[in-house]
Amino acid sequence: MSSETLIIQAGLSERPRKSRWPAKLDILQSVSGLLLALFMWGHMFFVATILLGYDTMWEVSRFFEGYYIFGKSHPWIVSIVVACVAVIFIVHAAMAVRKFPSNYRQLKVFRAHAKSMRHGDTTLWIWQVYTGFAMFFMASAHLYQMMVWPQNIGPFGSGDRMWSDGLWPFYLVMLLAVELHGGIGLYRLAVKWCWPNVSRTFLKNLKWAITAFFLILGFATLAAYMKVGYEHRLHYGEPYTPIWAEPHHAAVEGVTK
Ligand code: HEM
């Protein structure tokens, strides 16, 4: 199909002049998506520290609360970080929604189009729409919870959330959605901006390898929190404190860590 036909079919030929805005918004969408994907890689490793033990996860959580700088936890620091992530998330969602099929008819046309083309990347795009749609709700709820109750992040707090608060099915679906969405998104970024000359088969294999890695790590992490939550169910709500950080112990031993 020639570019002229495409322009006519998209109804752009009637425009008085070409606008640069769609391209600018596209860059904003790509940059915000990249930032979120990089954040998610870090996030998955931080959350997965529970696999290394309660103390490690507790130390990482306190680190983000400034414990090792101020000698005291300030959960509001986490709230500020979450608010920044939420702003990037909202910008990304706002840019992405421009491209969503806006009614059932458009979705049907797109599906028929994708079916007739049988083009892998077009099929991946529709998955991007479904998983992105799911994350509108799920990531918003998760971010809200993290922002408003940052003090509940820790081995027992997070385990209780998964098990006693019954949120593990929510996290399971969100994990699948975010990993598929992030993997496809990074692949599309690579094809679009970075490595258009590298074979798509290579990029796709890389994408699936990264997705598989984070899904396996994510499932193991989820299982670990469920186990912690299950074992802690009778003490729901009690936070975890390593023995060395308990006030009386720290006072006796002179621990300043
Ligand atoms: C700064 C912002 C964020 C913070 C502080 C944060 C923190 C956490 C924490 C502490 C957990 C462990 C469970 C819990 O305590 O409830 C968790 C799990 C999870 N978060 Fe986030 N999160 C943030 C942003 C996001 C975003 C934007 C997403 C994307 C949708 C996301 C997706 C997930 C998923 C899928 C899990 C489950 C991981 C697994 O089971 O392996 N988080 N998060």
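Derivation of every value follows stated rules applied to the coordinates shown; laboratory data play no part. Just so you know, these numbers come straight off a predicted model, no measurement behind them. Using ideal geometry, Cβ is built from the backbone for each residue, glycine included, and neighbour counts are taken over all protein chains shown.
Counting residues in the chain as N, plug N into 2.2 N^0.38 Å and put the Cα Rg over that result.
1.24
The charge dipole of the chain, taken about the Cα centre with unit charges on the Cβ atoms of Lys, Arg (+1) and Asp, Glu (-1), comes to about 1680 debye, rounded to the nearest 20. Ordering ASP160, ASP26 from the fewest to the most neighbouring beta carbons within 10 Å gives ASP26, ASP160.
Rounded to the nearest 10 degrees, what's the angle between the helix 54-64 long axis and the longest principal axis of the chain, both from Cα atoms, 0 to 90? Between the helix axis and the principal axis of the chain, the angle is about 70 degrees. Taking ARG62, ARG111, ARG233 in turn, the Gaussian network model of the chain (Cα-Cα springs below 10 Å) assigns the largest fluctuation to ARG111. Only helices enter this figure: runs of n ≥ 4 DSSP H residues, each worth -39500 (n - 2.57), summed and divided by the residues of the chain, yield -24000 deg cm²/dmol at 222 nm to the nearest 500. When the Gaussian network model of the chain links Cα atoms closer than 10 Å, the mean-square fluctuations of PRO247, PRO169, PRO239 top out at PRO247. Comparing ALA23, ALA96, ALA83 in a Gaussian network model of the chain where C-alpha atoms under 10 Å apart are linked, the largest mean-square fluctuation is found at ALA23. Remark: relative contact order (the chain) = 24 percent; criterion is Cα-Cα distance under 8 angstrom and separation of 6 or more residues. Sequence-ordered 3J(HN,Hα) estimates for region 186-191 from the Karplus curve with 6.51, -1.76 and 1.60 and θ = phi - 60° stand at 5, 4, 5, 4, 4, 5 Hz, glycine and proline given as x. Phi angles across region 198-212 convert, under the Karplus curve 6.51 cos²θ - 1.76 cosθ + 1.60 with θ = phi - 60°, into 3J(HN,Hα) values of 6, 4, 5, 4, 4, 4, 5, 4, 4, 4, 5, 5, 5, 4, 4 Hz, Gly and Pro given as x. What whole number of Å gives the distance from the Cα centroid of region 180-236 to the Cα centroid of region 47-100? Each part reduced to its Cα centre gives a spacing of 18 Å. Backbone phi angles across region 96-102, fed through the Karplus curve with coefficients 6.51, -1.76 and 1.60 (θ = phi - 60°), yield HN-Hα couplings of 6, 5, 4, 9, 5, x, 8 Hz in residue order; Gly and Pro are listed as x.
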